[in-house]
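The values are calculated or read from the model by the stated rules, or taken from the named source; none is laboratory data. These numbers were taken from a predicted model, which means no experiment stands behind them. Reconstructed Cβ throughout: ideal geometry from the backbone, glycine too, with neighbour counts over all protein chains shown.
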Amino acid sequence: MSREDHYIVGYTIALISEFAAKFGILPKQAYNYMKRFQGLDYLYKHYGVLHTYSFEDSVEAITEVCRHNGGKLA
């Protein structure tokens, strides 16, 4: 695994944990939700920018993407 891939994996795990904490759900549920409503696709596509944001701002961006794609968490 490359160094960049290692960073992406670590960031993804941390962001899923922060997302889960914000909505009071389990990390597995957060992962499934983000995957179903294209939040993870957005994360991988825009990692270069998202990892420079605070976790709070990144979670908000992912939340908006998921809402736009049919997610109902508020």
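Conditions (1) out of contact with any helix residue (DSSP H, G or I) (no Cβ under 9 Å at 6 or more places or on another chain); (2) modelled with pLDDT under 95; (3) more than 19 Å from Ala74 (Cβ to Cβ), marked per residue:
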{"position": "Asp5", "(1), (2), (3)": "yes, yes, yes"}
{"position": "Ile16", "(1), (2), (3)": "no, no, no"}
{"position": "Tyr42", "(1), (2), (3)": "no, no, no"}
{"position": "Tyr53", "(1), (2), (3)": "no, no, yes"}
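Is there a residue in the stretch 8-19 that is surrounded by fewer than 17 Cβ atoms within 10 Å (Cβ to Cβ), under 18 Å from Gly70 (Cα atoms) and under 11 Å from the mean Cα position of the chain (by Cα)? Checked against the condition, which is being surrounded by fewer than 17 Cβ atoms within 10 Å (Cβ to Cβ), under 18 Å from Gly70 (Cα atoms) and under 11 Å from the mean Cα position of the chain (by Cα), the stretch 8-19 yields no hits at all. Of all residues in the stretch 1-45, which are part of a helix (DSSP H, G or I), in contact with a Gly (Cβ under 8 Å, 6 or more places away or on another chain) and over 16 Å from Phe55 (Cβ atoms)? Those that are part of a helix (DSSP H, G or I), in contact with a Gly (Cβ under 8 Å, 6 or more places away or on another chain) and over 16 Å from Phe55 (Cβ atoms): Tyr33, Arg36.
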